[in-house]
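Here the structure comes first, spelled out in C-alpha cells, and everything after it is commentary.
Here, each number is a calculation from the coordinates, and none is a lab measurement. Only a predicted model underlies this, so the values are computations on that prediction, with no experimental measurement involved. No Cβ is skipped: glycine too gets one built from the backbone with ideal geometry, and neighbour counts run over all protein chains shown.
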Amino acid sequence: WSFLPEHPAETRGVLLCLAGGTYDKHYWHIDIDRDRGYSFGEHLAAAGFAVVAVDHLGIGESADPLSSGPLGLELLAKGDAEVARQIRDRIRDGTLHPDLPPLEVPLVGVGHSMGACLTTMVQATTHPYDAVVLLGYGVQVTNVYENTIGAGDLEQ
C-alpha cells in the first residue's frame, strides 16, 4: 500500500514500513469507520511523506517463500532488503506510483517490533536506508514463524 502527500512532487521522503511479527500491512493503516485518525500512513502522508506499507514474506498478500528454505529472520531480512532495493530504484525512476515523479529524497526504514529487528538487520547488511525509525524491540527476538517454544520455556 502507498499513501501519498497532497502534492506528490513535493514529497519530503519515502517511509518503507515493516510491521511486527504476525502483523500485516494493515498495522500501518487502521481504518475504523466513523473514527478517523488511526492511520499511520495517512498521518505521515499529510505531513509530506510518501508511506509504503508492505507485508513480510509469508504474511498477508506476500509471496510464500517456503521453496527458498525455512522461513526465519535471515530469509525475511533478505526479502525485506530486496524490497528496499526495488523501492529505492522506483523512487529514483519515478515508477513507485503513477502520481510520483522521479525523486531524489531520503528512503527511511520504519519498523515496529520484529519489523524493527528486520529493519536493523537490513540496514546492517545492505545499507538501503538514509535513516531508520525503530519503534521498539527487545534484544531477544523470538522467531514467531518457528513453532519451537513450549509453554514451559516461557517461564523463567
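Computed values, structure above
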| item | result |
| --- | --- |
| The stretch 28-66-the stretch 69-87 distance, computed between alpha-carbon centres (Å) | 18 Å |
| Cα gyration tensor, the stretch 14-125 - rounded (a/c under 1.5), prolate or oblate | oblate |
| Net length gained if the chain between R12 and E104 were fully extended (0.36 nm per residue, minus Cα distance) | 32.2 nm |
| Simple label model, 7 Å out from Cα along Cβ direction - Y38 to V133, nm | 1.9 nm |
| Relative contact order [Cα under 8 Å, 6+ residues apart], the stretch 1-69, whole percent | 43 percent |
| Hz values of 3J(HN,Hα) by residue in the stretch 15-22 - Karplus curve (6.51, -1.76, 1.60), Gly and Pro given as x | 9, 9, 9, 10, 7, x, x, 6 |
| FRET efficiency estimate (nearest 0.05) - Cβ-Cβ, A47 to E74, R0 41 angstrom | 0.75 |
| Rounded D (µm²/s) - the stretch 82-141, Kirkwood Rh over Cα pairs, Stokes-Einstein at 25 °C, 0.890 mPa s | 201 µm²/s |
| Förster radius 30 Å - calculated FRET efficiency between I30 and T125, Cβ distance, rounded to 0.05 | 0.45 |
